[in-house]
Every structure is written in C-alpha cells, then in structure tokens.
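Following: one structure in structure tokens, then a few remarks.
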Amino acid sequence: MALFDLPLDELKEYRSASVEPEDFDAFWSKTLQEAREHDLDARFEPVDTGLTTVEVNDVTFAGFGGHPVKGWLTLPAGTAEPLPLVVEFIGYGGGRGLPHEHLLWASTGRAHFVMDTRGQGSAWGGGGGTADPVGGAPAYPGFMTRGIDAPENYYYRRVFTDAVRAVEAARSHPLTDASRTAVLGGSQGGGITIAVGGLVPDLAAIAPDVPFLCDYPRAATVTDRHPYREIGLFLKTHRGRTADALRTLSYFDGVHFASRGSAPALFSAALEDQTCPPSTVFAAFNAWSREDKRIEVYDFNDHEGGGPYQEATKLRWLKPYL
C-alpha cells in the first residue's frame, strides 16, 4: 500500500478532533479507586522453564473488579538487588504467551513484566490465560464494540484498569525498583501504554510503537482495516448511534491520556500503516504533554513498523532513564 494518509509535514502539525469528556478525570479517578478497593493480591510463583539465564515467575494479581489477571515476571538469573523495571503490554488478540517469547528486556539486566490481556490470547503467539468475566450489550465480533453502549461498560475500561494494576503488581516485587519503571508495547500494547502513561504519574519513560486506540473519530473513517473497522461495521447495523459510540470511545482515546502524560516518550509510526494510520499515531504524539519526546517514522512500512530496528532504537533510548 502506497502512502494514503496525510503528508509528513501535515502529520507533524495534526491535531485530533476527538472531544474530551468534561468528566474524563473524574471517570478514571473513580474507576481506579474502585479497583483499589480490592486487595492487589499479587502472587509470584517461580516456574521451571528450562531457561538458565533468566528466572521466571508466574504472576496473578487482581485487576478490574478484583478479577484475576495473569502475567510473567522475568528476572536475570541470580538477581539479588532491585532492578529497573520494564512493563510490557501485548497487541490485539495476543496473550502473555510462553516465557521464552519474552527474553529481550531481561537480557538487558532489567526486570520484565508482561501482562496477559483479559479475554484475548487466542489469535497468535503462545496464547493467554486471563478470562473476561464481564458480559455486555450486543457487539460486533472482536473487542472494539464490547460494552460500547456506555463508558462504564466498555471493554477497554477493564483492560486499562488491569494495566495500571499490572504496574502496581510488578512494582510490589522486592526485586523491582519502582522508581525506575518504563512501560511499552506495540499496536494495542502501544495504546495501553499511552493510557497507563496518562494514568500513572511517576513513570520513568514510555515507548508506544505504532499505537492503536488513538483518535477514534479519524481512525473509524480513514481505514477499513480491522480492528478499527469493527466500529464501522457495528454502526452499519446500529444506524444512528454514531454520536453515542464516539462519546463512549472518547473516554478511552489515547489523545486524551497523552495530554496528561508526564514521562519522557518514544513513539513510532509507519507511513503505510493501514491498521493504525499514522495520523492517529501523530494525534497522540502531538498531544503528549512532555517536551522530552520523539517519534521514529518508518516511511515504507505497514503495521510491522520498525520491527527489530525499533527494538534497537528503544534499547539505546532507554539507557538514560533506566
């Protein structure tokens, strides 16, 4: 696919038309307060993986509604002192997978926590093991319209809350240094990263790659690729509900979390990305409130973005922060 979105000079100036709800902060404050009424109950169980350079813990903690959420905590073998912490979130349809799928960050001498995404983990990778026990109104197959009838019911309210609690769970382990915590992820994981960056005020750094879940008004109309297309297909059946759907989605738009972000940030975008169009990524990047930010742009890439090149960039970029 050739370039289909705005030219790069316009992307650098682009601002989203997403309307921020007046009660955005109150909504999220109440949501997190309710989640914290449940004991975090973070449990770390060592597992024998056959790996010798790392030690792996099978993690369970209480997320939204006190529901059990899974994760892996991977530490360099022989760790005796608290280490800088990298918390990672997973792309759409994936789960925490198997421990050997996540060796990069522990190989740098950091602690690495990867969160399972509730209800997902069945589309690629090694799978997941976290259920989403909450029902919802009729939705298009997938996750983008589950609970879209109201912000309180929306699927990503639960996921973003799980993600904040995942940071808290990872920081509770005695061998992680809470003061040196970075969050990162690609695609859906990048969107979750931006949300956490806006909800957790004391992160050392964030690094969202080709992030999903940003600038819904544009995303739902500029691309016909899934998962954003789920929104249009839902509205194709439920005629006349566009304004209500966009109101719900506005509580979960990365653009509004970005305006509250306070950590140094490294974004990435790909100019041929039809899954997460570059304008939607730049919408969040341009809204990110910290001046210490940069974005890597991959001219001729689709949703794979920078791939291993971006991983190498993150390894270099994170050094001053962790």
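The values are calculated or read from the model by the stated rules, or taken from the named source; none is laboratory data. Every value quoted in this text rests on a predicted model; they were computed, and no experiment measured them. As a convention, Cβ positions derive from the backbone with ideal geometry for all residues, glycine included, and neighbour counts pool all protein chains shown. Ligands, DNA and RNA are stripped out before the accessible areas are found, and what is left, the full protein with its side chains, is counted by its heavy atoms. Shrake-Rupley method; radii C 1.70, N 1.55, O 1.52, S 1.80 Å.
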Item checked: Counting DSSP beta bridges with both ends in the chain, the antiparallel % (nearest 5) -> 45
Notebook entry, point to check: For region 1-154, what log10 I(q)/I(0) values come out of the Debye formula at q = 0.12, 0.20 1/Å, with one point per alpha carbon and no solvent?
Noted result: -0.73, -1.23
Next item on the list: Per DSSP H run of at least 4 residues, take -39500 (n - 2.57); add these up for the chain, divide by its residues and hand me the 222 nm value, nearest 500 deg cm²/dmol.
Entry: -9000 deg cm²/dmol
Checklist line | Dmax and Rg, reported as Rg then Dmax, of region 135-236 (C-alpha, Å) | finding: 15.4, 51
Next item on the list: Considering the convex hull of the alpha carbon atoms of region 1-41, report its projected area averaged over all viewing directions, in nm², one decimal.
Entry: 6.2
Notebook entry, point to check: DSSP loop GluC sites (Glu not before Pro) in region 11-84 with at most 15 other Cβ atoms within 10 Å of their Cβ, which ones?
Noted result: GLU13, GLU22, GLU37
Check: Can you list the lysines whose alpha carbon is less than 18 Å from that of LYS293, not counting same-chain residues fewer than 8 positions off?
Finding: LYS12, LYS314, LYS319
Item checked: Relative intensity, log₁₀ I(q)/I(0), of region 191-235 from a Debye sum that treats every alpha carbon as a point, q = 0.24, 0.32 Å⁻¹ -> -0.83, -1.13
Notebook entry, point to check: Applying 1/(1 + (r/R0)^6) with R0 = 35 Å to the Cβ-Cβ distance of SER259 and LEU98, what FRET efficiency is obtained, to the nearest 0.05?
Noted result: 0.40
Notebook entry, point to check: Which shape class, rounded, prolate or oblate, goes with region 255-308 when its Cα gyration tensor gives a ≥ b ≥ c as root eigenvalues, a/c under 1.5 marks rounded, and past that a/b bigger than b/c marks prolate?
Noted result: prolate
Check: Cα convex hull of region 61-136: how many Å³ per residue?
Finding: 97
Check: So between GLU20 and LEU8, what do we pick up on full extension, going 0.36 nm a residue minus the alpha carbon distance?
Finding: 1.8 nm
Check: According to the square roots a ≥ b ≥ c of the eigenvalues of the Cα gyration tensor, what is the shape class of region 218-258, taking rounded for a/c under 1.5, prolate for a/b larger than b/c otherwise, and oblate for the remainder?
Finding: oblate
Notebook entry, point to check: Where the centroid of each part is defined by its Cα atoms, how far is region 42-69 from region 91-153 in Å?
Noted result: 15
Next item on the list: Report the percentage of all Cα-Cα pairs in region 93-151 whose separation exceeds 14 Å, rounded to a whole percent.
Entry: 63
Checklist line | Cross-link partners of LYS30 among lysines (Cα-Cα below 28 Å; sequence separation of 8 or more within a chain) | finding: LYS70
Next item on the list: Find the Rg to Rh ratio for region 198-322, where Rh is the Kirkwood radius over alpha-carbon pairs and Rg uses the same atoms.
Entry: 1.01
Item checked: Enclosed volume per residue, in Å³, of the convex hull spanned by Cα atoms of region 1-82 -> 262
Notebook entry, point to check: Which trypsin sites (Lys or Arg not before Pro) does region 185-268 hold that lie in a coil by DSSP with at most 12 other beta carbons within 10 Å?
Noted result: ARG239
Check: Ignoring ligands, DNA and RNA, what percent of the accessible area of region 1-77 is carbon or sulfur (1.4 Å)?
Finding: 49
Note to self: How long are the semi-axes of the equivalent ellipsoid of the chain, taking √(5λ) for every eigenvalue λ of the Cα gyration tensor, in whole Å from largest down?
What the structure shows: 29, 23, 18
Check: Quick one: Kirkwood hydrodynamic radius for region 178-269, alpha-carbon pairs, angstrom, one decimal?
Finding: 13.9
Check: According to the Cα gyration tensor, what semi-axes, each the square root of 5 times an eigenvalue, does the equivalent ellipsoid of region 74-204 have, listed from largest to smallest in whole Å?
Finding: 28, 16, 11
Check: Tell me, what HN-Hα J-couplings in whole Hz come from the Karplus equation 6.51 cos²θ - 1.76 cosθ + 1.60 at θ = phi - 60° for each residue of region 255-269, using x for Gly and Pro?
Finding: 4, 6, 5, 4, 5, 10, x, 10, 9, x, 9, 10, 9, 9, 9
Item checked: region 123-179: C-alpha pair distances exceeding 15 Å, % -> 62
